Amino acid sequence: MKLNKHRNIDTFLEETLKYLEQSEALNNLMLGICNTIKNNPDYYSNAYLATVKQGEELAIATVMTPPNKLVVYSNRKECDDAIELLVEDLRNKNIDISGVIGPKELSKRTCDIWSKYSDCKVKLEMNMRVYELREVNKDTIGEGILRPADEEDLEFVAQGRYDFEIDTGLNASPDKEKCYESVRNRLPEKTIFLWEDAGKVVSMAAKARPTQNGATVNLVHTPKELRKRGYATSCVAALSQHLLDSGYKFCSLFTDLANPTSNSIYMKIGYKPVGDYDSYIIEKGGNNNDKANTN
């Protein structure tokens with residue numbers, strides 16, 4: 001086996017694109033990050049791009065944009081040798097990782113092998129499912145309208161972003177000003193959409209990580225006082241239809257498997273599961289005491 005460290009996104013994609021696009025929805029995260037690096041080289045600094053090949057066959061592909069997690073993918077059932085090479089390269093370059101995200105077994109094995117050589121704690125952050133949609137169940141779109149958010153919606157969207165991070169467990173104490181800044185910068189892109197009922201904004205969702213044939217739906221949020229009225233369902237269904245009408249062949253999204261309600265709603269809209277991902281947090285110190293958390 002041979003590890004290739006790629007200095008630029010073009011050589012990485014030359015080696016991985018066809019491989020990743022064989023399961024395009026499942027790889028929406030890695031492909032989306034690659035597209036961002038390619039289209040906006042200054043967006044991420046010090047991106048780590050690597051592949052491991054056995055002969056002409058790709059064994060594993062990985063992308064990391066510090067301080068974000070290491071994203072890994074392989075379609076092999078077992079690739080410990082490839083993971084060993086990857087971990088060895090990261091350690092030789094004194095590159096720490098804050099976590100791992102990828103297909104269920106692969107992410108677990110990556111954490112296990114990393115923890116063999118590092119004094120760290122590995123914590124399971126979230127069990128996720130990746131869904132793909134190619135046709136919307138129109139019956140799930142209720143009364144109301146979908147529209148892109150504009151500057152006048154800053155307060156609703158920024159507060160929604162703040163609450164979303166808390167509700168999903170992404171950040172127990174998000175920085176409200178950073179949420180406002182992020183939304184303020186994103187509004188001109190017209191990628192955040194709102195659902196209105198009788199002229200009142202009641203829910204939101206966003207388009208993210210476009211790939212060759214698809215786009216991801218994320219940032220789905222409804223204020224607590226407006227929940228259980230079908231607003232999020234209508235918003236996601238309408239946005240998904242809008243993306244299909246715009247020329248995308250499919251939409252994808254991640255869900256938290258600990259939330260059966262949202263998983264059920266997305267399936268009613270027309271989303272179908274294509275695979276499971278796990279997200280792990282890796283913290284320095286701890287003498288591997290939490291290694292069992294990767295089981």
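Which residue pairs have Cβ atoms closer than 6 Å, lie 6 or more positions apart in sequence or on different chains, and pair a first residue in the range 191-202 that is in contact (Cβ under 8 Å) with a residue 40 or more places away in the chain with a second residue that is surrounded by fewer than 17 Cβ atoms within 10 Å (Cβ to Cβ) and not in a strand (DSSP E or B)? Hits for this filter: Val202/Leu226. Restricting Ser203, Ser234, Ser240 to those that are surrounded by 21 or more Cβ atoms within 10 Å (Cβ to Cβ), under 26 Å from Cys34 (Cβ atoms) and not charged (D, E, K, R) reduces the list to Ser240.
Is there a residue in the range 56-63 that is surrounded by 14 or more Cβ atoms within 10 Å (Cβ to Cβ), part of a loop (DSSP other than H, G, I, E, B) and at pLDDT below 95?
no
Restricting the range 71-87 to residues that are in contact (Cβ under 8 Å) with a residue 40 or more places away in the chain and of a type outside the set (Gly, Ala, Ser), the residue that is surrounded by the most Cβ atoms within 10 Å (Cβ to Cβ) is Leu86.
If you check Cys111 against the conditions, is it within 20 Å of Lys2 (Cα to Cα), outside the structural domain of Arg209 (by TED's automatic domain parsing) and surrounded by 22 or more Cβ atoms within 10 Å (Cβ to Cβ)? No.
Checking Glu88, Glu84, Glu78, Glu125 one by one, the residue that is part of a strand (DSSP E or B) and among the acidic types (Asp, Glu) is Glu125 and no other. Against the test of being without any contact (Cβ under 8 Å) to a residue 40 or more places away in the chain and under 27 Å from Leu239 (Cα atoms), the options Asn68, Asn40 yield a single qualifying residue, Asn40.
The requirement of being β-branched (Val, Ile, Thr) and more than 23 Å from Met30 (Cα to Cα) is not satisfied by Ile282. One residue stands out among those in the range 126-155 that are buried (at least 18 other Cβ atoms within 10 Å of the Cβ) and not aliphatic (A, V, I, L, M): the one that is farthest from the chain's Cα centre (by Cα), which is Gly144. The selection criterion, being over 18 Å from Pro210 (Cα atoms), in a loop (DSSP other than H, G, I, E, B) and under 13 Å from the mean Cα position of the chain (by Cα), holds for Asn68. If you go through the range 1-56 and pick out every residue that is hydroxyl-bearing (Ser, Thr, Tyr) and within 17 Å of Ile95 (Cβ to Cβ), you end up with 4. Across the range 243-278, the qualifying residues are those that are of a type in the set (D, E, K, R) and more than 21 Å from Asn27 (Cβ to Cβ), and the one among them that is surrounded by the fewest Cβ atoms within 10 Å (Cβ to Cβ) is Asp245.
Restricting attention to the range 41-55 and to residues that are of a type outside the set (Ser, Thr, Tyr) and assigned to a loop (DSSP other than H, G, I, E, B), the residue that is surrounded by the fewest Cβ atoms within 10 Å (Cβ to Cβ) turns out to be Asp42.
Report, by residue number, each residue of the range 89-102 that is closer than 18 Å to Asn4 by Cβ and touching a residue at least 60 places away in the same chain (Cβ under 8 Å).
Residue satisfying the conditions is Asp89 alone.
The values are calculated or read from the model by the stated rules, or taken from the named source; none is laboratory data. Computed from a predicted model, the values in this text were never measured in an experiment. A quick note on method: Cβ atoms are made from the backbone with ideal geometry, for glycine too, and the neighbour counts reach across all protein chains shown.
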